[in-house]
Amino acid sequence: MKKLQYSAGMVLGLFLVSVIGSCKKSFLEKPALGVLSEETISNKDGVNQLLIGAYNCLKQTGNWPGNTYYSAPDYYILSGVASDEGHAGTFGNLPDMEQFEAYKQTPVNSVLEIKWGNLYVGVQRANDVLRLLPNVKDISADEATQIKAEAVFLRGFFHFAAAKIWQNVPYISD
């Protein structure tokens, strides 16, 4: 009986020591893995990489995630198929494109959803450049002016592209 009480006491003691030792505030305040901090990218190279990320949103390949059966870029769908200059293919082949051909787009059309997301990811990336640019110390005034001008232009371009498709779109400036 004493052996059982001794073993239970040892287990309980080890448990209490491990719980008390592991619950420190420093244990809870660790930065997230795989996330860039502003201090990491608040330099010339970091801001330039953010700007390249905004430029990357201009590129549309047509290979959208989750929709591997599309092979045409979105400008063909939004202009060619929608204006009757192109065709979606055989019936049932590309159902989202058939909606454009019949002038019956729905809000859950994946082409429109992905286009909207891509345009506003570009807006977000341009805004990130503009938000971090004042914190960069190792950059000349001419370079900062050029980067700011490019980011403002890209943000305006993405907003204009969204306005061409949906007309009254939200303007996000920060």
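The values are calculated or read from the model by the stated rules, or taken from the named source; none is laboratory data. Given the structure is predicted, the values throughout are model-derived calculations rather than measurements. Neighbour counts are summed over all protein chains in view; Cβ atoms, including those assigned to glycine, are modelled from backbone coordinates with ideal geometry. Heavy atoms of the whole protein, side chains included, go into the accessibility calculation; ligands, DNA and RNA do not. Shrake-Rupley method; radii C 1.70, N 1.55, O 1.52, S 1.80 Å.
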**Report entry** Linear extension gain, Ser7 paired with Phe153, 0.36 nm per residue minus alpha-carbon span
**Finding:** 45.4 nm
Report task. Would you mind getting the accessible area per residue of segment 117-159, heavy atoms of the protein chains only, 1.4 Å probe, in Å²? Result -> 51 Å²
**Report entry** Pairs from Lys59/Lys148; Lys137/Lys164; Lys115/Lys148; Lys30/Lys137 whose Cα-Cα separation, in the structure shown, is over 31 Å
**Finding:** Lys137/Lys164
Report summary line: Two pseudo-spin positions, 7 Å from Cα along C-beta at Asp138 and at Lys30, lie apart in nanometres by 2.9 nm
